[in-house]
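The values are calculated or read from the model by the stated rules, or taken from the named source; none is laboratory data. All values derive from a computational prediction rather than experimental measurement. No Cβ is skipped: glycine too gets one built from the backbone with ideal geometry, and neighbour counts run over all protein chains shown.
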Amino acid sequence: MKQFNYTITDPLGIHARPAGLLAKAAKAFPDTVIMIQKGDKEVKATQLMKLMGLGVKEGDVVTVTADGPSEENAIEVMYNTLAENL
């Protein structure tokens, strides 16, 4: 299992557009479970509505984990998606 923490810099936090991009990126790795956690809430990164339901705002720290055969690539793609969009 691979993981990293990321501090959200987008003033709107995780809203529809970046949540969609994160879900799309995660769906590229069907053999790997990718989770995003904020505080005590954790959701699969492929679940768009649940991602937005985390209520992630600017300054919040999220933890992204990837577990499966493609975890190395998945964690890199998820980090890049966050860095470019949030």
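Observations
Quick grid of which residues meet (1) in contact with a strand residue (DSSP E or B) (Cβ under 7 Å, 6 or more places away or on another chain); (2) at pLDDT 95 or above; (3) surrounded by fewer than 18 Cβ atoms within 10 Å (Cβ to Cβ); (4) charged (D, E, K, R):
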| position | (1), (2), (3), (4) |
| --- | --- |
| N5 | yes, yes, yes, no |
| A25 | no, yes, no, no |
| F29 | no, yes, no, no |
| L86 | no, no, no, no |
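- Residues located in the range 38-63, provided they are more than 10 Å from I14 (Cβ to Cβ), out of contact with any helix residue (DSSP H, G or I) (no Cβ under 8 Å at 6 or more places or on another chain) and of a type in the set (G, A, S): G39, G59
- Of all residues in the range 43-86 being among the aliphatic types (A, V, I, L, M) and part of a loop (DSSP other than H, G, I, E, B), the one that is nearest to A26 (Cα to Cα): A45
- Pairs are defined by a Cβ separation below 9 Å, a sequence spacing of at least 6 or placement on different chains, a first member in the range 57-71 that is touching a residue at least 24 places away in the same chain (Cβ under 8 Å) and farther than 14 Å from I36 by Cα, and a second member that is of a type outside the set (S, T, Y) and in a helix (DSSP H, G or I); the pairs so defined are G68/A74.
- Test for V33: is it crowded, with 16+ Cβ neighbours inside 10 Å and out of contact with any helix residue (DSSP H, G or I) (no Cβ under 7 Å at 6 or more places or on another chain): yes
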